[in-house]
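The next block holds one structure in the form of structure tokens; read it before the comments.
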Amino acid sequence: MLWKRRKVHPLQIGIIIIDPKLIKMDNKDKFLEENEHLMSDHDYDGIRELNNPMPTWWRYLFYLSIIFAAVYMFRYHVFGDDLQIDEYNKEMALAEANKPKQAFDENNLSILSDAASLDAGKVIYSKNCIACHGKAGEGNAIGPNLTDKYWLNGGGVAEVYHIIKVGKPLKGMLAWQHQLSPEQMLQVTSYVLSLQGSNPPNGKAPQGELVE
């Protein structure tokens, strides 16, 4: 059977091609008409926006972030609370203060020359040593002069520390190792040695051997 070829008018082809688009446009217009209440009032050159608000949880999270930022600003930048760097510095200072001290080595003593140690030694001397050695170390009827270069038991830091520690009971010198800590004994030792050459009035005559 032979089919007769039918001539198709160009307009018919155009309609066939355009029809799907027209259908889509019709659907779009229908959607807009049915959901007019969802449209916002914004209109930009014929382009309109859907009124599609953010999720409620997202909005509340945004509000909380604003509140947090305000509290943070007033607490740390207005009222002067410690920032992280300040807290870090305080923690480091506390750790340094609580760091275990090195064991006191009595075999490796050296004179303390800082003002704090000498002041502490002076307090110990004033409390415990004035009765036998005088207020300025000038000596008296009981104890020798501590300001000259003559010593009965050696004038080095180790010798003076040792005599303070164990004393001279037969001569009336108490042993201070049970009343004072090693650090305190070194402080008073350093203070006594700092009196060298002070030449206070009414100094007792030299006793012992000359130590240069």
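Six or more apart or on different chains, Cβ atoms under 7 Å: show the pairs whose first residue is in region 105-119 and over 17 Å from Gly156 (Cα atoms) and whose second is exposed (fewer than 10 other Cβ atoms within 10 Å of the Cβ) and modelled with pLDDT of 95 or more.
none
Is it the case that region 64-75 has a residue that's in a helix (DSSP H, G or I), of a type in the set (Gly, Ala, Ser) and in contact (Cβ under 8 Å) with a residue 12 or more places away in the chain?
no
Considering Gln179, Gln196, which residue is in the same structural domain as Tyr125 (by TED's automatic domain parsing), among the polar types (S, T, N, Q) and either outside any loop (DSSP other than H, G, I, E, B) or under 18 Å from Val123 (Cβ atoms) (or both)?
Gln179
When you look at Gln207, is it surrounded by 13 or more Cβ atoms within 10 Å (Cβ to Cβ), in contact with a strand residue (DSSP E or B) (Cβ under 7 Å, 6 or more places away or on another chain) and in contact (Cβ under 8 Å) with a residue 40 or more places away in the chain, yes or no?
yes
Test Asn107 against the stated conditions and say whether it is touching a helix residue (DSSP H, G or I) at 6+ places or on another chain (Cβ under 9 Å), outside any helix (DSSP H, G or I) and not assigned by TED's automatic domain parsing to the domain that holds Gly167.
Judged against the criteria, Asn107 is a match.
Being in contact with a helix residue (DSSP H, G or I) (Cβ under 7 Å, 6 or more places away or on another chain), modelled with pLDDT under 90 and not acidic (Asp, Glu) is true for just one of Gly80, Gly121, Gly139. Which residue is that?
Checking each option against the conditions leaves just Gly139.
So Ile142 fits all but one of (1) in a helix (DSSP H, G or I); (2) without any contact (Cβ under 8 Å) to a residue 40 or more places away in the chain; (3) more than 38 Å from the chain's Cα centre (by Cα); what number is the exception?
All conditions pass for Ile142, except number (1).
I'm told Arg5 meets every condition in (1) modelled with pLDDT of 75 or more; (2) not in a helix (DSSP H, G or I) except one. Can you identify the failing condition by its number?
Answer for Arg5: the failing condition is (1).
The values are calculated or read from the model by the stated rules, or taken from the named source; none is laboratory data. These numbers were taken from a predicted model, which means no experiment stands behind them. Glycine gets a Cβ as well: all are built from the backbone with ideal geometry, and neighbour counts include every protein chain shown.
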